Amino acid sequence: MDYSKLKVPNHVAIIVDGNGRWATEKGMSRSEGHQQGFLNLKKLLAYMFSKNIKYISAYLFSTENFKRSKVEVNFLMNLLTGQLTEILEFCHQEKIKAVFSGRKENLSKKVVEAMEKIEQDTSKYQEKIFNICFNYGGHAEIIDATKKIVKDVQAGKLDMNKLDEETFNHYLYQDLPPVDLMIRTSGEQRLSNFMLWQNSYAEFYFPKTYFPDFDENEFDQAILEYTKRDRRFGGIDYAKKNH
Ligand code: IPE
Ligand code: IPE
Ligand code: MG
């Protein structure tokens, strides 16, 4: 689709959901669903960035996902370590800067090292920012930011009276602009603890498609829907007829 006349969102966030159901309905294992989701994510990312979207956040593993079976958790962890070379190759090819959001504490050394390698190797790119939410929770992020703020206030590095939204944003895992469009695939209509701070004024879009089938055409539909939304941010456009 031609995007040149459209007002594209600056920051798109996506909850990659439905991999398991996609696989189960096809008689495959849940892991195969995650594998297919991973392949689809690469294709979709290249497409979205090619349409001048500067920031893309993807929810790939939540703090709550540790409740799943050992086999499934291990498979998801191994996607990062096992596909490290491919991920790096992809980022270099597309000139993507990849950053991570989430708690490092419960992750294995191997996974943390893979994350650090991806961040370091791609830090030179500036145009396309890919924020990977891994072992991420919106509550955890706000709590972790608050702890850092308290520390800085106690150390005399931050004046509490100067704490505003912009300053708070600096203390989050990544200092990103607000989300404009939040997509959750698979028909579920909830945030599941995803970017609570950044999604405060996002437009939400909930396609029924499972993530492995969420292709370029599906993304075009999301953008078309987004362009129809009237983003008022609490204000009123008095020049408009219906006011
Ligand atoms: C999303 O797919 C990927 C992760 C949560 C890691 P799911 O695994 O949640 O798939 P469903 O929701 O069970 O179909
Ligand atoms: C949210 O999906 C987390 C990710 C996509 C990484 P879940 O499938 O884990 O969320 P619930 O359990 O349906 O809320
Ligand atoms: Mg799910």
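The values are calculated or read from the model by the stated rules, or taken from the named source; none is laboratory data. Owing to the predicted nature of the structure, the values given are computational and were not obtained by experimental measurement. Note: ideal-geometry Cβ built from the backbone for every residue, glycine included; neighbour counts use all protein chains shown. These area figures cover heavy atoms from the full protein model, side chains too; ligands, DNA and RNA do not enter into them. Shrake-Rupley method; radii C 1.70, N 1.55, O 1.52, S 1.80 Å.
Consider region 229-243 and keep the residues that are basic (Lys, Arg) and open to solvent by 90 Å² or more (accessible area, probe 1.4 Å). The one that is nearest to Gly33 (Cα to Cα) is Arg232.
Residues of region 40-54 include none that is within 16 Å of ligand 2 (Cβ to nearest atom), assigned to a loop (DSSP other than H, G, I, E, B) and in contact with a Phe, Trp or Tyr (Cβ under 9 Å, 6 or more places away or on another chain).
One line per residue, one yes/no per condition, for (1) more than 13 Å from ligand 1 (Cβ to nearest atom); (2) open to solvent by 30 Å² or more (accessible area, probe 1.4 Å); (3) at pLDDT 95 or above; (4) part of a loop (DSSP other than H, G, I, E, B):
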{"residue": "Val179", "(1), (2), (3), (4)": "yes, no, yes, yes"}
{"residue": "Glu188", "(1), (2), (3), (4)": "no, yes, yes, yes"}
{"residue": "Leu191", "(1), (2), (3), (4)": "yes, yes, yes, yes"}
{"residue": "Tyr201", "(1), (2), (3), (4)": "yes, yes, yes, yes"}
{"residue": "Phe204", "(1), (2), (3), (4)": "yes, yes, yes, no"}
{"residue": "Pro207", "(1), (2), (3), (4)": "yes, no, yes, yes"}
{"residue": "Glu218", "(1), (2), (3), (4)": "yes, yes, yes, no"}
{"residue": "Ile223", "(1), (2), (3), (4)": "yes, no, yes, no"}
{"residue": "Thr227", "(1), (2), (3), (4)": "yes, yes, yes, no"}
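Look at Ala13 and say whether it is under 15 Å from Tyr136 (Cβ atoms), of a type outside the set (Phe, Trp, Tyr) and either within 16 Å of ligand 2 (Cβ to nearest atom) or open to solvent by less than 20 Å² (accessible area, probe 1.4 Å) (or both). Here the answer is yes, as Ala13 does meet what is asked. The residues of region 87-102 that are surrounded by fewer than 16 Cβ atoms within 10 Å (Cβ to Cβ) and in contact (Cβ under 8 Å) with a residue 24 or more places away in the chain, listed by number, are His92, Lys95. Pick from region 31-82 the residues that are farther than 22 Å from Lys104 by Cα and small (Gly, Ala, Ser): which of them is surrounded by the most Cβ atoms within 10 Å (Cβ to Cβ)? Applying the filter and picking the extreme gives Gly37. Within region 1-16, residues that are touching a residue at least 40 places away in the same chain (Cβ under 8 Å) have Cβ atoms under 6 Å from residues that are within 16 Å of ligand 1 (Cβ to nearest atom) and polar (S, T, N, Q) in these pairs: Ala13/Ser57, counting only partners at least 6 apart in sequence or on another chain.
A quick yes/no check of all residues on (1) among the acidic types (Asp, Glu); (2) more than 16 Å from ligand 3 (Cβ to nearest atom):
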{"residue": "Asn169", "(1), (2)": "no, yes"}
{"residue": "Asp180", "(1), (2)": "yes, yes"}
{"residue": "Lys208", "(1), (2)": "no, no"}
{"residue": "Asp215", "(1), (2)": "yes, yes"}
{"residue": "Phe219", "(1), (2)": "no, yes"}
{"residue": "Ile223", "(1), (2)": "no, yes"}
